[in-house]
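K.L.:
Here it is, the structure in full.
Each reported figure results from applying straightforward, stated rules to the coordinates on display, with no laboratory input. This one's a predicted model, so the numbers in the text were calculated from it and none came from an experiment. Every residue, glycine as well, gets a Cβ built from its backbone with ideal geometry; the counts of neighbours run over all protein chains shown.
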Amino acid sequence: MPRDEPLLPLSISLPHAHIHYFAFSCRRCGRSVDVGIRRAVRLCGDLSTEEFLARMRCRECGHRGALITVHGDPRPPDVVERDGPLPVTLEE
Ligand SMILES: [Zn+2]
């Protein structure tokens with residue numbers, strides 16, 4: 001997606017919060033942090049997705065500005081059944 005296209009609000013992913021999560025990556029050093037969708041929506045508040053990403057500060061290098069990607073639980077259904085949901089998908 002070109003960078004000048006507006007990003008969707010984070011809350012659009014809420015129906016998938018039990019099986020998906022966000023990864024926020026530093027634009028400078030590439031450090032990446034997984035964050036549950038419900039937690040990310042809460043932290044974002046009333047900011048647009050662009051505003052939220054621009055404000056994020058990297059704990060490693062101090063750079064402001066993050067990239068966002070959406071990830072799904074890659075495990076097969078029987079493993080999910082046995083081991084339960086990914087901890088990151090339980091974040092509130
Ligand atoms: Zn960084």
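K.L.:
Taking segment 55-79 as the search range and keeping residues that are of a type outside the set (D, E, K, R), surrounded by 10 or more Cβ atoms within 10 Å (Cβ to Cβ) and without any contact (Cβ under 8 Å) to a residue 12 or more places away in the chain, which one is nearest to the ligand (Cβ to nearest atom)?
P.N.:
The residue in question is Gly62.
K.L.:
Could you grab me the full set of residues in segment 1-50 that are away from the ligand (no atom under 16 Å from the Cβ) and in a strand (DSSP E or B)?
P.N.:
Hits for segment 1-50 are His20, Tyr21, Phe22, Gly36.
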